[in-house]
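K.L.:
Dropping a structure here in structure tokens format, bear with me for questions.
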Amino acid sequence: MSETDTAALDALAERINAVLPQTQCTRCGYPDCASYARAIARGEAAINQCPPGGAEGVARIAAITGRPALPLNPDHGREGPRALAVIDEDWCIGCTLCVKACPTDAIVGIHKRMHTIIDEHCTGCELCVQACPVDCINMENVTGEHTGWQAWSPALQEQARTRYEQRQARENASKRRTEPRVRRTVTQQPPATTPEGPEHSSAQARDATIAAILARARGEQKA
């Protein structure tokens, strides 16, 4: 592919990304809205895989790409109202898994302390719901019968995209700082002796930590 073709595809992907809601919900099957936009531009994905954008979102992409508008693919979800995440403070164990899952830094809290949602930054992606080990996060409808782009706005879209890109930039910078230290540590450490390897041990430690937190939380609830 020539540089001209690559530039044209990049420009098309950016135009497509500009009409996606930027919830970063991954329901399209891609890790974020920009990745889905690139896949559409390359002809690798259909234009009807974004439930938050709904029917109007499909029509917008169709207008840009020249492809026929299609009904929203139910395999990726259904169009619905915009919702905000709400944490049940009585059951939050402070595990921080929801904080790590949130693409727009809309959740604040520290380890072993109750977390809370910043409503104006929540995109309704539901990724925190999936991450919560104690099911203490619910989604509440905040737009009534308005769905898709009727429940969204350019201002919310731009805010969500900006916050997501800022988070990505921060995480990438952190990885660049950490990688040299990790490489040095790996070369200095002897090989793992357990048959399952270090990944299994790490998973066991994480599961044990969560189990201990849950046990303590249940004890506090009974008390």
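The values are calculated or read from the model by the stated rules, or taken from the named source; none is laboratory data. A quick note: this is a predicted structure, and the numbers were derived from the prediction, not measured. Note: ideal-geometry Cβ built from the backbone for every residue, glycine included; neighbour counts use all protein chains shown.
K.L.:
Filter region 109-135 down to the residues that are surrounded by fewer than 20 Cβ atoms within 10 Å (Cβ to Cβ) and in a loop (DSSP other than H, G, I, E, B) and list them by number.
P.N.:
The answer is Gly109, Ile110, His111, Lys112, Arg113, Met114, Ile118, Glu126, Pro133, Val134, Asp135.
K.L.:
Look at region 33-53 and say how many of its residues are closer than 19 Å to Gln157 by Cα and either in contact with a Pro (Cβ under 6 Å, 6 or more places away or on another chain) or surrounded by fewer than 21 Cβ atoms within 10 Å (Cβ to Cβ) (or both).
P.N.:
Looking only at that region, the number is 5.
K.L.:
Does region 76-84 include one or more residues that are over 16 Å from the mean Cα position of the chain (by Cα), exposed (fewer than 15 other Cβ atoms within 10 Å of the Cβ) and not acidic (Asp, Glu)?
P.N.:
Yes, that holds for at least one residue.
K.L.:
While we're here: Taking Arg170 as the residue in question, decide whether it is at pLDDT 65 or above and either within 27 Å of Cys25 (Cα to Cα) or assigned to a helix (DSSP H, G or I) (or both).
P.N.:
Spelling it out, Arg170 is indeed at pLDDT 65 or above and either within 27 Å of Cys25 (Cα to Cα) or assigned to a helix (DSSP H, G or I) (or both).
K.L.:
Determine which single condition Gln22 fails, assuming it passes every other condition in (1) touching a Phe, Trp or Tyr at 6+ places or on another chain (Cβ under 7 Å); (2) without any contact (Cβ under 8 Å) to a residue 24 or more places away in the chain.
P.N.:
(2)
K.L.:
Right, something else. Filter region 85-108 for residues that are out of contact with any His (no Cβ under 9 Å at 6 or more places or on another chain) and either surrounded by 14 or more Cβ atoms within 10 Å (Cβ to Cβ) or assigned by TED's automatic domain parsing to the domain that holds Ile40 (or both) and give the result.
P.N.:
If the condition is that a residue be out of contact with any His (no Cβ under 9 Å at 6 or more places or on another chain) and either surrounded by 14 or more Cβ atoms within 10 Å (Cβ to Cβ) or assigned by TED's automatic domain parsing to the domain that holds Ile40 (or both), then Ala85, Val86, Trp91, Ile93, Leu97, Ala101, Pro103 are the ones that fit.
K.L.:
Scan region 58-74 and report the pairs whose first residue is on the phi > 0 side of the Ramachandran plot and whose second residue is β-branched (Val, Ile, Thr), with Cβ atoms within less than 7 Å and a gap of 6+ or a chain change.
P.N.:
Cβ pairs passing all conditions: none.
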